[in-house]
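The values are calculated or read from the model by the stated rules, or taken from the named source; none is laboratory data. Keep in mind that what you see is a predicted model, and the values were worked out from it rather than measured. Positions of Cβ are backbone-derived with ideal geometry, glycine not excepted, and every protein chain shown enters the neighbour counts. Ligands, DNA and RNA are stripped out before the accessible areas are found, and what is left, the full protein with its side chains, is counted by its heavy atoms. Shrake-Rupley method; radii C 1.70, N 1.55, O 1.52, S 1.80 Å.
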Amino acid sequence: MSLSSEEIERYARQIVLHGLGGPGQNKLKAGRALVIGAGGLGSPALQYLAGAGVGTLGIVDDDSVSLSNLHRQIIHATEDVGRLKTESAQAAIARINPHVTVEPIASRLDANNARAIIRRFDVVLDGSDNFSTRYALSDACYHERRPLVSAALGEFDGTLTTLKPYENGPDGKPNPTYRCLFPDPPEPGTIPTCAEAGILGALAGVLGSLMAMEAIRVLVGGFGDGDEGLVARLLMIDARAMRFETLRYAWDPDNVLSGRGAQSEALLSGEA
C-alpha cells in the first residue's frame, strides 16, 4: 500500500521518526482499529488515530450526544446534541483526515455480538463505561486473537494496559488476560457511575491519547530499540498528585479464560 504525495506531506513529521518511517506509516494506512465508545476515552483516541493516518476506524456506540457529554467528549460539538455519536464522530473524523474510512456501528457490544464485530479489525480500544462490556470484550479479543488496549477512568485517576493473552511473554508463560488483572467484576452499585461521581475532562483526554499511542504501537509493530509497551504492565495515573506509576502483573494459572481449568467459550459468551 503506497502513500500519495498529499499523504506524505500530511504525515511528514511521523515518517521522519526513526521508530516509524515510511514502512510504519504504510502499516497505519493498512490498519483497522476498532474503538468501543465514542465518549470521554474514545473521543481523543479517535481523533489521534485519524490524525496518525490509521486507514479504517470502527466506532461502536449506541448512544446519542447529550449536553453533559461535551466537557470531555471532545469529538462532538454543541450542534451535535441529539445526534448519534457514531454519526457525529464520523463527521468529525472526515474533517480531520479525508483519507480515513469510518465504519460506524450504532449498537451495543455484548457477549453475543462481540466476536463477530472485532474479528474484522487489527486492534481494539476499550473506552466503554460498564463492566459487562469490558469482560465480554476482553474474552472476545482473547478468542479472536486481537490485541486489546483497555483504559478506565475514576474521579481523578485512571489506568491503562494492553492485552495480548493469546501470546507468550519473554518468560515463555502466557501473557495475562483482563481476568488475571481483575478476576471478577465488582458488585452492582459498588462503583459510582460517571454521573454520580463526576469526571475531569482533561484526564479523559490524557488517557484517550495514551490509548491511541498504544494502538499505534501495536499496528506498526513497535517503535524500535527500547520499545516495551504496556503488555503485562498497568499504567496508573493519579491526577491529584500528578503521578504516573507502572506495575507489572502476570498470568494467573487459575483465571477462567486461559488458566489451566479454563471454562469453555460457550460458557463465557453466555451461550452455554
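Before moving on, here are some points about what is shown:
- Sequence ranges 60-66, 219-225, ranked by mean other-Cβ count within 10 angstrom, highest first: 60-66, 219-225
- Approximate spin-label separation residue 9-residue 184, in nm, with each point projected 7 Å along Cα-to-Cβ: 6.0 nm
- Accessible area per residue for the chain is 48 Å², calculated with a 1.4 Å probe on protein heavy atoms, without ligands, DNA or RNA.
- Under 5 Å, built H, 5+ apart or other chain: amide partners of residue 229: none
- Potential lengthening between residue 119 and residue 225 on full extension [0.36 nm per residue; Cα-Cα distance subtracted]: 35.2 nm
- Local electrostatic count, residue 107, Cβ distance below 15 Å [Lys/Arg +1, Asp/Glu -1]: -2
- Solvent exposure ordering (accessible area, 1.4 Å, most first) of 242, 213, 236: 242, 213, 236
- With the simple model of a label 7 Å out from the Cα in the direction of the Cβ, residue 209 to residue 239 spans 1.3 nm.
- Per-pair calculated FRET efficiency, R0 = 30 Å: residue 96 and residue 18 via Cβ, rounded to 0.05: 0.70
- Using the Cβ-Cβ distance between residue 110 and residue 66 with R0 = 22 Å, the FRET efficiency computed as 1/(1 + (r/R0)^6) comes to roughly 0.50.
- Applying 1/(1 + (r/R0)^6) with r as the Cβ-Cβ distance of residue 79 and residue 155 and R0 = 41 angstrom yields a FRET efficiency of 0.90.
- Residue of 227, 171, 139 that the Gaussian network model of the chain assigns the largest fluctuation, springs spanning Cα pairs under 10 Å: 171
- Ligands, DNA and RNA left out, the 1.4 Å accessible surface of region 66-218 is 54% carbon and sulfur atoms.
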